[in-house]
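Input: a single structure, listed below in structure tokens.
Nothing in this text is a laboratory measurement; each read-out follows from the coordinates by a stated rule. As the structure is a computational prediction, the values presented were derived from the model and not from experiment. Reconstructed Cβ throughout: ideal geometry from the backbone, glycine too, with neighbour counts over all protein chains shown.
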Amino acid sequence: MRKGKFGFAAAAVVAVGVLAAPAARAQLSGMLQGAMGGGQSSPATSGLGNMSMGSAMGSGLNLPTLGAAPPTNLAGILQYCIQNNYLGGGVSASSASSIQQSLLRKYTGSSSAPEANSGFASGSSGILDTGNGNTMSLGGSGLKAQLTQKICDQVLQHAQSML
């Protein structure tokens, strides 16, 4: 097998890529933790440190468990997601709004004046209650916006299952 100057260059690129991978993972970890609440360690963010870009953006993304979130907070998050166009998958705003209103009626007895509820108010400002006093701030741009869209889709599915 003959190794010319291109073979050496390709081997050098592969070697640099292998050596740079840990640094890239560390940088991505810092970005994800910063995007998910300023590096706070919480059940929602602690598992993000070892994620690779592929798993972060692929279907293997470990999003927060929504079971601990109060229904009123989830309704507020839906409000936030609708207003900021974070819902994907062809879901219309009117469909999501209908689910949000049903969730409020079921868990508060009324869908009027939800802003008076602190869980709804924090949710509608983009603060997801992940349980045990931990929260996650949604929104932003770039990677954080993509994660927020995934979380909004997950919140919508969870809200539907609660009805």
Completion exercise
LYS106 and VAL91 label points (each 7 Å along its Cα→Cβ direction) are spaced in nm at 1.3
Exercise for the section: Based on other C-beta atoms within 10 Å, arrange MET162, MET136 from fewest to most. Expected result: MET162, MET136
Handout entry: Estimated vicinal HN-Hα couplings, Hz - the stretch 136-143 in sequence order (Karplus 6.51, -1.76, 1.60; Gly, Pro = x)
Key = 9, 8, 9, x, x, 9, x, 4
Practice task
Return a whole-number percent for the relative contact order of the stretch 71-162, with Cα pairs under 8 Å and 6 or more residues apart as the contact set.
Solution key: 41
Exercise for the section: Tell me the label-point distance for the pair ASN132, GLN157, using the 7 Å Cα-to-Cβ offset, in nm and rounded to one decimal. Expected result: 2.3
